[in-house]
Amino acid sequence: MTKINDFVVKFANVNGSGSASANLLFAKSLFRMGLGVVAKNIFPSNIQGLPTWYEVRITHPSRRARRDGVDVMVAMNPQSYTQDLADIVPGGYLIYDSSLPRLFPREDITVLGIPIAQMCAEVYDSSRERQLFKNVVYVGALIALLDLDFKVVKQAVRDRFKGKARLVEANIEALKMGRDYAREHFTCPLPVRVKPGKVDKDRIMITGNEAAALGCVYAGATVAAWYPITPSTSLAEAFERHAGRLRLDKDGKRRVAVIQAEDELAAIGIVIGAGWNGARAFTATSGPGISLMTEFLGLAYFAELPLVLFNIQRGGPSTGMPTRTQQSDITACAYASHGDTKHVLLFPGDPKECFELAADAFDLAERLQTPVIVMSDLDIGMNDWICDPLEWDDSRVHDRGKVLDAEALDRCQEFRRYGDVDGDAIPYRTLPGTHPTKGAFFTRGSSHDSFAQYIEDGALNAKNLDRLTRKFATAAKLMPKPVIRNTSRTSKLGIINFGSTEAGVREAGDLLAADGYKLNTMRLRAFPFGKEVAKFAARHERIFVVEQNRDGQMRSLLINEAGIPPHKLVPVLNYDGMPLTAQWIKTNIEALIETGKPVAAALQLSAQAM
């Protein structure tokens, strides 16, 4: 059966073997040929030695979700052969290193053996070179087997090793070695192959963490404090790299402070102090870091200080699955800290929105004088996505919120740091050094009155808490609107989703429509919820809430904060740590419609066993 531009290639490697660069070269070459590419890196949390996989779905450019099953498996890791064989669809292909021949107990697939290790041993003297170029050789074989444009691949190599002529030549020679072997020993191309598409020069391939870091630069951030934790580390590293190039004064001196703190508590403490001093500051972490930061989040909430926090969610609880994706910090972040707290959350759906919502987060944090948490996840943060270009508007003006200068302070008969002057529950603030005598240090994290004076008067404290509640209502009016996709005016069935599940939900919606089920969808982009959420719920009798956690945390938030009746909200839950496939979503929603029960609420059949 011929498959053109509609199949999955999967690489099975050993972590630390240098395969990541070669696998990404393959994915980027396909992208440059004008094809739709969905790339997912599935890796362990150790430095090296355990199995790692890299999936590439070649599909229509509009598709961005994983797909079940593997058409071409490049199996380079003997430890995972059994699992890798099981993932191949009937009629699929297995490519393996035949330097050590093996038996494969399947007659419904085609096995293509290439003596990769032996070939490399004959050419390279260094054991490290042999290991690294093995990966390039199998990409070379795929050039012939799948009919890739060699010119495109060579250019990708030149771009990857720009300025390093020796490495460029060595990689191209390794590609030729694999390509020539495949041409000589197999019928090329295979029935599973690619055909160049229309190259859209306006599309880019980027990770969410890289895009979010650029969004921080765009927003004018000058302070970043962080402590390394997977999968957020690359965001801070990317910010340091880009800010070091773009955040320079006229004399070429860096106008940015990037601080690797001793722990997560110190990191968020630095950010709070920087925000109080008037800098735009942020930190980035994941679930375990959120647990440690909660007390400081409560301080920033109650003292009303701006800060931006990126939570790149991963599998939990506790240390959990550090290199798997989840959406399991919704409740923890919405109500982070003890006492009555509620925090602003933003939910990007792809790297482009990571860029946009990163910039918006700083405006919202200063406008509202409160923490804003950008809820990304490992799938968006660390995987390369194809998306529309990031739009940089030089005319954008940062919203610094209600900040009084010295002249305004002089006009004030009395300055109430926590007073509700305008009826929107957002007070005015000052920055240290603004005025020699007025307002410089007015802020407090303990119980206080409108003048920021310490109190133990319960009635006054309750009055202040009520104002914070009203401020949260003001925040709801400023949030990014949900994205609503109406497929039928008469349908009483809907889907609510958020974040990285959008890729699978959008494709699943098309599959469900093909089966006769038309469901309207709403992708949430922020908490607190705007009035659009309640309106969407009122129009539908049953709404399937798709999320990647065990306990239906977003569903609970919709019930508690949007007042949606529980019977309307049907949980569709996955928590196996893998990016969702459209087929899994479709199958479970159809089963829930027809029988009231999901097929497999927790696991996807194609999930890797570790």
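All of the numbers you see were taken from the coordinates with simple rules; none came from a lab. Source: prediction; values computed, not measured. Methodologically, a virtual Cβ is constructed for each residue, glycine included, from the backbone with ideal geometry; neighbour enumeration extends over all protein chains shown.
At-a-glance table
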read-out	value
Straight-distance crosslink candidates among aspartates and glutamates, where the alpha carbon sits under 18 Å from Lys463 and sequence neighbours closer than 8 are dropped	Glu304, Asp340, Asp420, Asp422, Asp424, Asp449
Cα long-axis angle, helix 165-185 against the chain (0 to 90 degrees, to the nearest 10)	50
Förster radius 51 Å - calculated FRET efficiency between Val421 and Ser21 (Cβ-Cβ, nearest 0.05)	0.35
Residue (of Asn520, Gly530, Leu592) at the positive-pole extreme of segment 483-595, dipole from beta-carbon charges	Gly530
Calculated [θ] (222 nm, deg cm²/dmol) that DSSP helices of n ≥ 4 give over the chain, each run adding -39,500 (n - 2.57)	-12000 deg cm²/dmol
Whichever lysines have a C-alpha closer than 17 Å to that of Lys40, once near sequence neighbours (fewer than 8 apart) are set aside	Lys10, Lys28
Cross-link pairs Lys134/Lys195; Lys201/Lys250; Lys164/Lys250 - those with Cα-Cα distance over 28 Å	Lys201/Lys250; Lys164/Lys250
Positive-pole candidate from Gly289, Val8, Gly269, dipole of the chain, charges at beta carbon	Val8
Reach of Lys568 by Cα under 22 Å, taken over lysines that are not fewer than 8 positions away in the same chain	Lys481, Lys492, Lys518, Lys531, Lys535, Lys586, Lys597
Distance (nanometres) between label positions extended 7 Å along Cα→Cβ at Glu391 and Ala473	3.3
Label of the coordinate-derived value, Rg and Dmax of the Cα atoms in Å, listed as (1) 33.6, 137; (2) 26.4, 88; (3) 24.8, 73	(2)
Between 0 and 90°, nearest 10: helix 19-32 axis offset from the chain longest Cα axis	90
Semi-axis lengths (Å, descending) of the ellipsoid that matches the C-alpha gyration tensor of segment 483-595	19, 17, 13
Estimated dipole of segment 406-478 in Debye, rounded to 20 [Cβ of Lys and Arg +1, of Asp and Glu -1, Cα centre]	200
Estimated inter-spin distance, Glu295 and Glu407, nm [label 7 Å along Cα→Cβ]	4.4
